[in-house]
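> The following block contains the structure, expressed as structure tokens.
Computed from the coordinates by the stated procedures, all read-outs in this text should not be read as laboratory data. Here the structure is a predicted model, which is why all the values come from computation and not from measurement. Note: ideal-geometry Cβ built from the backbone for every residue, glycine included; neighbour counts use all protein chains shown.
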Amino acid sequence: MSEIKGGCSSLKACVLTELFVHLLKDELNEITYQAGVAKLGTSLSIIGDKLELKTLWL
């Protein structure tokens, strides 16, 4: 987990954080596709002030 200090301290910060997460998901798309082929699932989410990336067995 990575910490996102002030990720939603204001509307602008919240929108920028969401944009960052979407861009990061797009950047990781090739890797997560390969994980899916290997029967692994992934999830990327914001929980409080943390950015969480999980790998799951399917």
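> Considering only region 36-46, state which residues are over 30 Å from Ser9 (Cα atoms) and either assigned to a loop (DSSP other than H, G, I, E, B) or out of contact with any Leu (no Cβ under 9 Å at 6 or more places or on another chain) (or both).
Within region 36-46, Val37, Ala38, Lys39 qualify.
> What number of residues within region 20-30 satisfy the criterion of being over 17 Å from Asp49 (Cβ atoms) and under 13 Å from the mean Cα position of the chain (by Cα)?
So the answer is 7.
> When the residues of region 20-35 are narrowed to those that are of a type in the set (A, V, I, L, M) and under 21 Å from Cys8 (Cβ atoms), which ends up surrounded by the fewest Cβ atoms within 10 Å (Cβ to Cβ)?
Selected residue: Leu23.
> Pairs under 6 Å by beta carbon, first residue closer than 11 Å to Leu44 by Cα in region 19-33, partner hydrophobic (A, V, I, L, M, F, W, C), six or more apart or different chains?
Filtered contacts from region 19-33: Lys25/Leu44.
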